[in-house]
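The values are calculated or read from the model by the stated rules, or taken from the named source; none is laboratory data. None of these values were measured; they are calculated from a predicted model. Here the Cβ is made from the backbone with ideal geometry for all residues, glycine too, and neighbour counts use every protein chain on show.
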Amino acid sequence: MRIYLVRHGESRGNVDKDVHREMADHAIPLSSRGHEQAAAAGRYLGQALVQLRDGPFQGAQPHVRLWVSPYRRTRETADGIEAGVAEAGGWVTDRCEHMLLCEQQFGLFDGVPDEELAELFPAEHAHYAKQEAFEGRFWARMPLGESRFDVATRVHQAFGTFHRDAERHGIEHLIVVCHGVTLRAFLMMWLHRSPEWFEAEPNPHNCAVRLVVGSEDLGTVFPGFPREG
């Protein structure tokens with residue numbers, strides 16, 4: 001199975017943290033730069049698919065399924081990727097959403113700047129800080145939300161869908177558009193890496209593309225776009 005993992009483009013929340021005060025995390029759109037990044041990643045993917053078809057696949061055009069987290073910024077990234085792929089002469093056969101690919105759930109802390117947590121939620125923040133200090137960030141669960149362990153567990157549940165698609169329908173070429181923590185959790189569980197690996201692995205840049213073929217991590221094949229400033 002060939003999997004292209006893509007982090008969403010730059011969002012308005014990446015540019016201005018105050019956006020999180022105004023709208024739910026799942027509703028935050030891309031910035032104008034994020035739309036451009038998505039199209040650029042799509043053009044890279046389109047070129048890569050054309051090279052596969054004309055090279056090792058000897059003219060055959062494989063079924064490419066695009067899987068997307070159901071957040072607005074990932075949906076908009078997927079839109080841009082589809083347009084960029086087509087512009088480069090590539091193709092996406094179909095597109096599906098998977099709830100289990102969504103962002104980490106921050107619960108009570110969602111939308112609140114880190115520096116305000118202790119004042120607004122003193123007991124909950126103290127409890128979380130104790131967990132983080134004693135157990136490590138991977139295991140510490142957000143109040144009414146998820147830990148990174150929880151994200152890895154639910155992402156692993158999505159793998160059954162991908163394997164069934166491969167067995168029943170021959171779909172072995174996937175583009176997966178999701179979030180930084182989710183993408184790292186995907187890699188950790190797919191490649192059987194450790195929690196220590198997860199914590200040492202940085203979040204990818206916006207619209208970076210990472211390629212996994214079977215059980216082999218081929219690393220970042222499109223670098224994406226680091227934050228400005």
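Couple of notes before you dig in:
- Some residue of segment 208-227 being assigned to a strand (DSSP E or B), under 23 Å from Gly9 (Cβ atoms), within 12 Å of the chain's Cα centre (by Cα) and among the basic types (Lys, Arg): yes
- Residues that are in contact with a Pro (Cβ under 9 Å, 6 or more places away or on another chain) and over 17 Å from Met99 (Cβ atoms) were ranked within segment 176-190; the one that is surrounded by the fewest Cβ atoms within 10 Å (Cβ to Cβ) is Gly180.
- Test result for Arg193, in contact with a Leu (Cβ under 8 Å, 6 or more places away or on another chain) and over 26 Å from Thr77 (Cα atoms): yes
- Residue in segment 96-104 that is within 15 Å of Leu174 (Cα to Cα), touching a residue at least 40 places away in the same chain (Cβ under 8 Å) and not in a loop (DSSP other than H, G, I, E, B) present: yes
- Positions within segment 2-43 being within 25 Å of Met189 (Cβ to Cβ), touching a strand residue (DSSP E or B) at 6+ places or on another chain (Cβ under 9 Å) and in a helix (DSSP H, G or I), in sequence order: Ala41
- Filtered residues of segment 191-207 (kept if at negative phi, touching a residue at least 12 places away in the same chain (Cβ under 8 Å) and in a loop (DSSP other than H, G, I, E, B)): Leu191, Glu201, Asn203, Pro204, His205
- Scope segment 113-172; condition over 21 Å from the mean Cα position of the chain (by Cα), without any contact (Cβ under 8 Å) to a residue 12 or more places away in the chain, surrounded by 12 or more Cβ atoms within 10 Å (Cβ to Cβ) and within 18 Å of Pro195 (Cα to Cα); matching residues: Gln131, Glu132, Glu135
- Filter result (over 20 Å from the mean Cα position of the chain (by Cα) and either part of a helix (DSSP H, G or I) or among the β-branched types (Val, Ile, Thr) (or both)) within segment 50-87: Val50, Gln51, Leu52, Arg53, Asp54, Ala86, Glu87
- Members of segment 132-185 found to be at pLDDT below 95, assigned to a helix (DSSP H, G or I) and among the hydrophobic types (A, V, I, L, M, F, W, C), listed by number: Ala166
- Residue within segment 153-162 that is more than 15 Å from Leu101 (Cβ to Cβ) and charged (D, E, K, R) present: no
- In segment 191-207, residue farthest from Asn14 (Cα to Cα) [restricted to those that are surrounded by 11 or more Cβ atoms within 10 Å (Cβ to Cβ) and among the polar types (S, T, N, Q)]: Asn203
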